[in-house]
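Down below is the structure, laid out as structure tokens.
The values are calculated or read from the model by the stated rules, or taken from the named source; none is laboratory data. Small disclaimer: the values here were computed from a predicted structure and weren't measured. When we count neighbours, we look across all protein chains shown, and the Cβ atoms used for this are built from the backbone with ideal geometry, even at glycine.
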Amino acid sequence: MRRDYKVIAFDLDGTLTQHRTGLGPENRAVLDRLGQRYRLLMVGAGACLRIFGQMNEYPVDIIGNYGMQVSRYDPEKKQLVITEDAHAEVDKAAVTAACDAIRARHGFTDYAGDGVEFHASGMITFPLIGTKAAIEDKLAFDPDRRRRKAFYDEVVAAFPGYTVFIGGSSSFDIAPHPYNKLYALDHYCAAEGLSHRDILYCGDDYGTGGNDEQVFRSDIDFLPVDDYRKLGEYLAPLLS
């Protein structure tokens with residue numbers, strides 16, 4: 001791990017926090033120490049304001065929705081300002097039909113809430129146990145992702161105009177091309193006059209179908225975070 005990075009970029013769930021839980025004091029302290037030497041950046045799957053809220057309004061720039069949304073933190077107003085907000089059109093009937101067909105083939109026809117979640121950005125969430133499933137059920141559903149990996153290629157084939165991620169703990173995230181986290185970082189570098197060499201990316205979801213996979217397979221330095229509770233240990237060379 002080099003020490004001459006200009007930006008330390010982070011995933012959120014599984015890297016800084018447990019899934020859908022707030023930023024804890026230990027990792028907040030790690031970010032505070034890193035922020036004394038480096039520019040910090042969040043690169044997430046969710047919307048910027050949702051990430052900002054989950055981080056208890058930590059003062060950091062955030063790229064959300066796999067690069068469809070970009071925001072900057074305003075230190076004077078102590079709030080997040082959205083600077084870019086892309087949207088894509090979605091054929092909801094076709095998407096619903098594709099998800100229903102996959103459900104029928106794999107036995108996921110019993111679910112709580114909606115069977116598909118359409119986001120304002122044009123992103124899609126395919127929640128196998130439904131949008132209203134209890135958080136404990138979501139966390140217990142597929143912790144090693146084996147159940148979803150078994151038919152991941154089938155979901156990819158059903159959405160040729162999208163990138164499909166094995167998202168969260170019980171769903172697939174589906175983002176319109178060309179958006180993914182590598183695209184988001186490329187766009188950020190172009191806007192800020194940076195190169196891939198200037199960035200260290202920290203993430204946990206770098207396997208097949210993971211939402212950090214494209215960054216992991218690129219030439220950007222990647223720090224695997226396999227336990228968010230040990231973030232300070234992984235980053236120790238940059239904290240000393």
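Checking the structure you have, find out if any residue of segment 126-139 is within 22 Å of Gln214 (Cβ to Cβ) and not assigned by TED's automatic domain parsing to the domain that holds Gly46. Let's see the steps before the verdict.
Within segment 126-139, the first condition is being within 22 Å of Gln214 (Cβ to Cβ), and the residues that meet it are 126.
With the extra rule that they be not assigned by TED's automatic domain parsing to the domain that holds Gly46, the set shrinks to 126.
Yes, there is a match, as at least one residue in segment 126-139 is within 22 Å of Gln214 (Cβ to Cβ) and not assigned by TED's automatic domain parsing to the domain that holds Gly46.
A single entry from Gly44, Gly67, Gly22 fulfils the requirement of being out of contact with any strand residue (DSSP E or B) (no Cβ under 6 Å at 6 or more places or on another chain) and on the phi < 0 side of the Ramachandran plot: Gly22.
Under the condition of being part of a loop (DSSP other than H, G, I, E, B) and at pLDDT 95 or above, the residues counted in segment 5-46 number 13.
The combined condition, being assigned by TED's automatic domain parsing to the domain that holds Gln214 and surrounded by 14 or more Cβ atoms within 10 Å (Cβ to Cβ), is fulfilled by Met68.
Quick one: how many residues across segment 118-135 are closer than 14 Å to Phe172 by Cα and surrounded by 15 or more Cβ atoms within 10 Å (Cβ to Cβ)?
Counting residues in segment 118-135 that are closer than 14 Å to Phe172 by Cα and surrounded by 15 or more Cβ atoms within 10 Å (Cβ to Cβ) gives 9.
Can you tell me which residues in segment 34-53 are surrounded by 15 or more Cβ atoms within 10 Å (Cβ to Cβ) and touching a residue at least 60 places away in the same chain (Cβ under 8 Å)? Of everything in segment 34-53, those that are surrounded by 15 or more Cβ atoms within 10 Å (Cβ to Cβ) and touching a residue at least 60 places away in the same chain (Cβ under 8 Å) turn out to be Leu34, Tyr38, Leu41, Val43, Ala45, Ala47. I'd like to know if segment 56-64 contains one or more residues that are in a loop (DSSP other than H, G, I, E, B), among the acidic types (Asp, Glu) and not assigned by TED's automatic domain parsing to the domain that holds Gly35. No, segment 56-64 contains no residue that is in a loop (DSSP other than H, G, I, E, B), among the acidic types (Asp, Glu) and not assigned by TED's automatic domain parsing to the domain that holds Gly35.
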